[in-house]
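First comes the structure, then the notes that go with it.
No lab work stands behind these numbers, since they all come straight from the coordinates. Note that the structure is a prediction, hence the values are computed from the model and not measured. Backbone-built Cβ (ideal geometry, glycine too); neighbour counts: all protein chains shown.
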Amino acid sequence: MSQMTPKSDWKARAFALGGVAGIVFGLVAAYFYTRAAEDDARRNGNRANRVSTGELIGLGLAGLAMIRQITEMGRSPDQKRR
């Protein structure tokens, strides 16, 4: 069994925090999506609308942009200017 050093401990905390934040974000997003879909289905006679390919592509691109922003937070100010 390997012991964690103070230098590697921050990585474990970052992964744990990222995992918890991802779970919380995902659950909140799923809650709001299902709530909106149910409201919309009620208004349309219980017919659910399908999610379009364009919406999924846009969501994927937004997710990539968010990952890039998070990655940039880890860079020093000198590296961010390049």
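Here are the numbers for the structure shown:
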read-out: Simple spin-label estimate for residue 79 and residue 25 in nanometres, 7 Å along Cα-Cβ; value: 2.0
read-out: Per residue Cα convex hull volume in Å³ - calculated over segment 13-71; value: 79
read-out: Dipole magnitude of the chain about its Cα centre (Cβ charges: Lys, Arg +1; Asp, Glu -1), debye to nearest 20; value: 240
read-out: J(HN,Hα) series, segment 36-51, from Karplus relation 6.51 cos²θ - 1.76 cosθ + 1.60, nearest Hz, glycine and proline x; value: 5, 5, 5, 4, 5, 5, 4, 6, 9, x, 6, 9, 7, 7, 7, 7
read-out: Angle between the chain longest axis and helix 53-73 axis [Cα atoms, degrees, rounded to 10]; value: 20
read-out: Helix-only [θ]222 nm of the chain, DSSP H runs n ≥ 4, -39500 (n - 2.57) each, per residue, nearest 500; value: -26500 deg cm²/dmol
